[in-house]
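What follows is a short report on a single structure.
The values are calculated or read from the model by the stated rules, or taken from the named source; none is laboratory data. Only a predicted model underlies this, so the values are computations on that prediction, with no experimental measurement involved. FYI the Cβ positions are ideal-geometry reconstructions off the backbone, even for glycines, and counts take in every protein chain you see. Ligands, DNA and RNA are excluded from the accessible area calculation, which covers all protein heavy atoms including side chains. Shrake-Rupley method; radii C 1.70, N 1.55, O 1.52, S 1.80 Å.
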Amino acid sequence: MADMLDALQFRHNSTGHCGATTAPAAPLYRPPASPEAGATAVPAGLASPRGGSLRERERERDQHGRQRRFSAAIVARRESLFGGAGGSSGAGTPMDAAIRRPSLAAVAERGSWGSRWEFLLSCVGLSVGIGNVWRFPYLAYQNGGGAFLIPYLIMMALAGKPMYFLELAMGQFGGVGPVAMWNCCPIAKGVGCAMVTVSLVVCIYYNVIMSYTVYYMVASFAKEVPWAKCDPAWADMATCYTRVSGAESVNGTLNTTAPSATGKETASLQYWERHVLHLSDGIEHMGPVKGDLAACLLFSWCIVVLCLVKGIKTSGKVVYFAATFPYVILFTLLVTGLCQEGAWSGVAYFIVPDWSKLLDIQVWQAAAGQMFFSLSVSMGGLIMYSSYNDFRNNVYRDALVVSVMDTLTSIISGTVTFSILGAMAHDLNVPIQEVVKEGPGLAFVAYPEALLRLPVPQLWAVLFFLMLFVLGLDSEFALLENVLTSISDEFTVLRSHKLMFCIGTALVCYVIGLSCVTYGGNYVLTLMDVYGGGLAVLFIAICECCSLVWIYGLRRLCSDLEFMLGYKPGLYWRVTWGFFAPIILTVIFVYSLVDYKPLKYEEYDYPDWADALGWMLALASMIQIPFWGLIQVFRQTGETFKEKVLQALVPNEDWGPSDLSLTTEYKAMQKGSSPTGITLNSVVHHNENNLTTHTVQTATTRLQGGV
């Protein structure tokens, strides 16, 4: 089809209109080459069509012979030849639509993955991150171990995996970011805006977590890791406890019974709270910015910006290391943890549930929040990543691989953490529930304690915290790139200033993130995590699922995926998309509002103004969904409000396959006939993934309008 349009462009340039032509005789239509034959030579008469841009003439096909995506101006000029259904120009011409859709048509400069492995590993890096090693264990510990694991697995099966596949598929189909994707359902455009906002919020405090890992990594370059002993410079010598070669040391004196006394704390816990955080007694007392953490935060942002200078062309290479190295360290800690005395009691606490806690809606809400945070569903990053894919990529396979790896990594991380907690409980002679304080700092207490039990703990500490930093790095890539891509898709002029745009965004995020590295910063971080990255994401997921499945339509959704992949999604996917995911998430969200409890940090109750601030943060994302929905309704051309609403519920003219050469075929499939009068016959071919797909092949070249 694209080759036929080249011929039309040549004839159009020779006459100035789409009527009779005096141009030299040339083949009007050139059949596409078979996959085996490679690119077909261009006839001499069509080699250099006049009037086309340099990119159009010389870069129509890349070095591999694949069809390139064109800029909005080129697409508009080509589409204007048809002038709508009847081939005439004027009112109703696609030119205006092409000008209005920079996020769909102007994708030539967006870039693409170097290989399918880059995409797969990037998705692994996005989904398998600090959320698995840092957030999952502390939520499991906070919500009863096995009592949290069961809801988590149920939520993963009925909502997490289905929505993961749905987002990857829709992003690949449309080839645009999470904002422009909602051309398929204009009234839900606010869902994309909310995703970008959530990504920005999470991006800010996620990098703060990474700065903690940098701090620990630097501190590990010492003759002795600092949390191996109770240092009077930061420890409370009356309560500080550390293990020395199988015996216990309290206040520097070996004692095998004192640790069971009330109020004893490990050196790793006091090092975390009293030295790293210098934690104040509440969010009311923020205190000054900690210079060392601020420097670590700046270093983290510099690394992120350097890795995103050229977008996915840079980050796609980094993930080869970032997505694989952490597993080496994690499995080492797993073996070490399970060999400790008392470790299996901790694992049993992690696996065996407290059935009474399954009736607590807070446990289910925490499981849902962790599922979204871990898989990065409803944050837009998956849509953004898959938008760079080839249209025929087997995204179904990728979705299954990554979602399974994410679940296994969470379980492995939980096993490592609870084996360490079991060993600590054995040493302290206390129940596992009382070993450490529950909260976001669990990973920075349990893991350093485990590292002390390894030979040469300095080496393992450096490697472990390097692993945590790398895990956070590739997730941070996606969060920030999602923000940059989504805004650049809407304001394409920013693509030519990618470096400055990236630096400017990172600088703003760094300044805001400084509030999280004050003495009371961990209270701020917890507030952002619960409201900005938990409750808001749950609401966005409900709106996303309902919009795609109930408004855009499950039947049309499955038809689009069949057009792209060659087969319709199975019963499991249709049932979970259409019923289980939206219903379960809605029930959890509504019940959470009804049974709402003010935020707590360990035993500290947040003041009312802090809870109000958290709700404002959540509403900053959620309010965009109805706001932009109303904007889209009033932009419609209907005469009555009802007509405008109905128009906003159907896809606009900008929606279609990312591969523009398939647009005519797609519209013919939707309408059942060709809008240009081309006779179409369905044929079957095999794509590069050996999946049988049905496409449409031109059989004749009869065009309306006398061409």
Quick count over the range 171-184, residues being in contact with a Leu (Cβ under 7 Å, 6 or more places away or on another chain) and open to solvent by less than 10 Å² (accessible area, probe 1.4 Å), is 3
Restricting attention to the range 599-628, the residues that are in a loop (DSSP other than H, G, I, E, B), open to solvent by 80 Å² or more (accessible area, probe 1.4 Å) and either in contact with a His (Cβ under 7 Å, 6 or more places away or on another chain) or under 27 Å from Leu279 (Cβ atoms) (or both) number exactly 1
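Yes or no, residue by residue, for (1) touching a Leu at 6+ places or on another chain (Cβ under 6 Å); (2) modelled with pLDDT of 75 or more; (3) open to solvent by 20 Å² or more (accessible area, probe 1.4 Å); (4) assigned to a helix (DSSP H, G or I):
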residue	(1), (2), (3), (4)
Cys302	no, yes, yes, yes
Leu306	no, yes, yes, yes
Val319	yes, no, no, yes
Pro326	yes, yes, no, yes
Ile329	yes, yes, no, yes
Val335	no, yes, yes, yes
Gly346	yes, yes, no, yes
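Give Leu158, Leu149 a once-over and let me know the one that is over 26 Å from Tyr552 (Cα atoms) and surrounded by fewer than 24 Cβ atoms within 10 Å (Cβ to Cβ).
Leu149
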Open item on the list: Can you confirm whether Asp654 is in contact (Cβ under 8 Å) with a residue 60 or more places away in the chain, over 30 Å from Leu279 (Cβ atoms) and of a type in the set (D, E, K, R)?
Closed with: yes
> Does the range 359-367 contain at least one residue that is among the hydrophobic types (A, V, I, L, M, F, W, C), assigned to a helix (DSSP H, G or I), closer than 30 Å to Thr663 by Cβ and open to solvent by 20 Å² or more (accessible area, probe 1.4 Å)?
Replying inline: no
- Query: Quick one: would you say Gly520 is open to solvent by less than 10 Å² (accessible area, probe 1.4 Å), more than 28 Å from Ile625 (Cβ to Cβ) and at pLDDT 90 or above?
  - Reply: yes
When restricted to Ala425, Ala478, the only residue assigned to a helix (DSSP H, G or I), in contact (Cβ under 8 Å) with a residue 12 or more places away in the chain and over 30 Å from Val176 (Cβ atoms) is Ala425
Every listed condition ((1) modelled with pLDDT of 90 or more; (2) aliphatic (A, V, I, L, M); (3) open to solvent by less than 50 Å² (accessible area, probe 1.4 Å)) holds for Ile503 save (3)
Only one of Val244, Val218 is open to solvent by 20 Å² or more (accessible area, probe 1.4 Å) and modelled with pLDDT under 90, namely Val244
